[in-house]
1. Among the candidates 117, 165, single out the residue that is among the hydrophobic types (A, V, I, L, M, F, W, C) and either closer than 22 Å to residue 93 by Cβ or at pLDDT 85 or above (or both).
2. Pairs, please: C-beta under 7 Å, at least 6 apart or cross-chain, first residue in a helix (DSSP H, G or I) and in the stretch 6-33, second among the hydroxyl-bearing types (Ser, Thr, Tyr) and at pLDDT 95 or above?
3. Any idea how many residues of the stretch 120-139 are at pLDDT 90 or above, outside any helix (DSSP H, G or I) and either over 15 Å from the mean Cα position of the chain (by Cα) or among the aliphatic types (A, V, I, L, M) (or both)?
4. Does the stretch 140-155 contain at least one residue that is crowded, with 21+ Cβ neighbours inside 10 Å, among the polar types (S, T, N, Q) and at pLDDT below 90?
5. Can you spot a residue in the stretch 55-65 that is modelled with pLDDT under 95, part of a loop (DSSP other than H, G, I, E, B) and among the aliphatic types (A, V, I, L, M)?
6. Filter the stretch 171-193 down to the residues that are at pLDDT 80 or above, under 13 Å from residue 144 (Cβ atoms) and of a type in the set (Ser, Thr, Tyr) and list them by number.
7. Among what's in the stretch 194-214 and is surrounded by fewer than 16 Cβ atoms within 10 Å (Cβ to Cβ) and of a type in the set (D, E, K, R), pick the residue that is modelled with the lowest pLDDT.
8. Name the residue, out of 35, 94, 109, that is modelled with pLDDT of 90 or more and surrounded by fewer than 14 Cβ atoms within 10 Å (Cβ to Cβ).
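The values are calculated or read from the model by the stated rules, or taken from the named source; none is laboratory data. Worth saying up front: this structure is predicted, and the values here are computed from it rather than measured. Don't worry about glycine lacking a Cβ; one is built from the backbone with ideal geometry, like all the others, and counts go over all protein chains shown.
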Amino acid sequence: MKRQFDFIFSVFSILISLPLWLVIGLGIWLIDLGPVFYFQERVGRNGRIFRSIQFRSMKRDADRLCGPLQAKDGDARVTRLGRILRATAMDELPQLLNIAFSDMSFVGPRPLRPVEIDSGDLKPKSIWEFKGAKERCSVKPGLTGIAQILAPRDVSREDKFRFDIWYIKNQSFFLDVYIIFVSFLITFGGRWERKNRNLNSFLAPLHSWVNRDLSKV
């Protein structure tokens, strides 16, 4: 049921959002005449590597100059248009293609790179070195999820993994629909960069539910 929902909803979303793809793509290209899309290797279910596709929100060659560094508030690598795209999560719109081709799901742990620089670290580190990495990769990564909604951007990978493991142990179709609904609210409000400062009545029940069990993870 989850896969059927992912495929039908992703294809439908791609079709109705195509005009937006054209507008965003033109805006990105006009900024620095650079590539519109940004491809990255990401870790999928059971450790399978796939290529994630996003709209480019950072300056050209940001990865080459800074390495696989986790994005943070006020990141100098992000372009002016990129800040808008990231605040509304529109930079991840092309990942609907990844969902349609079964690399990802709408809801699940965030797809990570095989090697990343964690918050507070200086050197790149394999994600398999983090506690809980194997368990969180037992499901497909998601366009949105518990950690994306509730965890602060600057917490450690292992803390975010605890949210993901909670989702894996409690996942259901109803929970997925609820997370998607809350994600739409955050997107339409342009609050992805400051979501934890604006918990509303729709997010508070989920926050309470997760915190009640998170200490057991």
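1. Details: 117 fails: either closer than 22 Å to residue 93 by Cβ or at pLDDT 85 or above (or both).
Criteria check complete, one pass: 165.
2. 6/105
3. Residues that pass the stated criteria total 2.
4. Checked the stretch 140-155: at least one residue is crowded, with 21+ Cβ neighbours inside 10 Å, among the polar types (S, T, N, Q) and at pLDDT below 90.
5. Within the stretch 55-65, none of the residues are modelled with pLDDT under 95, part of a loop (DSSP other than H, G, I, E, B) and among the aliphatic types (A, V, I, L, M).
6. 178, 183
7. Only one residue fits best here, namely 197.
8. On the way: 94 fails: surrounded by fewer than 14 Cβ atoms within 10 Å (Cβ to Cβ); 109 fails: surrounded by fewer than 14 Cβ atoms within 10 Å (Cβ to Cβ).
It is 35.
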